[in-house]
Structure formats: structure tokens, C-alpha cells
Amino acid sequence: MAAIAVVLDHTAATALHDPKAPFNEAVAAFYVQASGGLGTLYAPVLALTVGDTQRPGLLAYIQGLQFIEIEPLDTVAALAATKLLHAGHSWAAAHAIHAARPSADFPSGRYLLTLTPEVYEDTGVQAVHPSQ
């Protein structure tokens, strides 16, 4: 079985951070799989920053987890986010969309784990709810 690449948006990251969240265990299962080498989890820093304004401590918590790689907001990501913001997407979604879209490193894109897959309709990403 090939390892999969999964981007966590701010809703999935928040569910992982909150042990009482309804989908905490479902998101944690992805983390357990990543810890076993079955995949890699990525968290876009801009999405985490927005999430941290709603749930203080989120960014530091996710940054401290060994099996989640923080996606930096480099110039390419910032330019893509700007286009997405102009198109009406939220700050929280913009970096997650960019991270999940096909790229040189991920020609097929990466799955986007989210509690709100409807936010990502028609964005060119494969948004998946953790309960699916």
C-alpha cells in the first residue's frame, strides 16, 4: 500500500486539538496512520493561524506534533492565496486549497481532510470528511 499525503484544514486540526470534539477520534486515526508510516500529514500555517484565533493554542499544539509537517506560507503559496481570496474564499481555506492542489511535488494533489467539505467544492481539491 502506498503512503498517502493528507492536508489538514483548520477544522480538522481543531478536531485533533480538542479531545471532546465529535470527530477527534476520526482525525486522530489519520495521525496514528501517519505515525506508522502509512501517510504524511501536512498543516498549512495560514489555516492554522486562522484556527488559532478561534481556538487559542492550536498552532503551537499542531506544530509540536511529530508526525505533522507544517506547510509554510512562501511566496508561491501567498500568491495563490491572494487569488483565492479575490475569488471569495476565506483566509482559513485559501492556504489549505493551495496545499491540496496538484503541484510539482504532488502531481495528483493531496487529499484535504476537513469537517466542511462543501467549502471546497469546485476548487480542484479532493476534500474528504474524516468520517468517510
Check residue 7: other-chain or 5+ apart residues with amide H under 5 Å from its amide H, H built from backbone geometry? 42, 111, 112, 113
The chain: relative contact order as a whole-number percent, Cα under 8 Å and 6+ apart: 28
For the range 1-101, dividing by residue count, accessible area per residue (probe 1.4 Å) in Å² works out to 51
For residue 132, put the label point 7 Å out on the Cα→Cβ axis and report which residues of the range 32-59 keep their amide N under 20 Å from it. 32-34, 39-44
Here are labelled values, (1) -0.49, -0.65, -0.89; (2) -0.30, -0.51, -0.83; (3) -0.22, -0.40, -0.73, and one is the computed log10 I(q)/I(0) by the Debye sum over Cα atoms at q = 0.09, 0.12, 0.16 Å⁻¹ for what I pasted. Which one? (3)
Before rounding to the nearest 500, sum -39500 (n - 2.57) across all DSSP H runs of length at least 4 in the chain and divide by the residue total; then give [θ] at 222 nm in deg cm²/dmol. -12500 deg cm²/dmol
Classify the range 68-132 as rounded, prolate or oblate, taking a ≥ b ≥ c as the square roots of the eigenvalues of its Cα gyration tensor: rounded when a/c is under 1.5, otherwise prolate if a/b is larger than b/c and oblate if not. oblate
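Once you order the gyration tensor axes a ≥ b ≥ c over the Cα atoms, which shape class does the range 13-64 get: rounded for a/c under 1.5, otherwise prolate or oblate by comparing a/b with b/c? Mind dumping the intermediate values first?
On the way: a/c = 2.47, a/b = 1.40, b/c = 1.77.
Oblate, since a/c reaches 1.5 and b/c is not below a/b.
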Carbon and sulfur %, accessible surface of the chain computed with the full protein complex present, 1.4 Å: 57
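Just how large is the dipole of the chain about the Cα centre, in debye to the nearest 20, putting +1 at every Lys and Arg Cβ and -1 at every Asp and Glu Cβ?
Numbers: 5 positive and 11 negative charges, 9 e Å.
It comes to approximately 40 debye.
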In order through the range 56-69: 3J(HN,Hα) via Karplus (6.51 cos²θ - 1.76 cosθ + 1.60), integer Hz, x for Gly, Pro: x, x, 4, 4, 5, 4, 5, 4, x, 7, 5, 9, 10, 9
Leaving out ligands, DNA and RNA but keeping every protein chain, what accessible area does residue 105 have, in Å² rounded to the nearest 10, with a 1.4 Å probe? 130
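The values are calculated or read from the model by the stated rules, or taken from the named source; none is laboratory data. Remember, it's a predicted structure, so these values are computed and weren't measured experimentally. With ideal geometry, Cβ positions are generated from the backbone for all residues, glycine too; neighbour counts draw on all protein chains shown. Just so you know, the surface numbers come from the protein's heavy atoms only, side chains and all, with ligands and any DNA or RNA stripped out. Shrake-Rupley method; radii C 1.70, N 1.55, O 1.52, S 1.80 Å.
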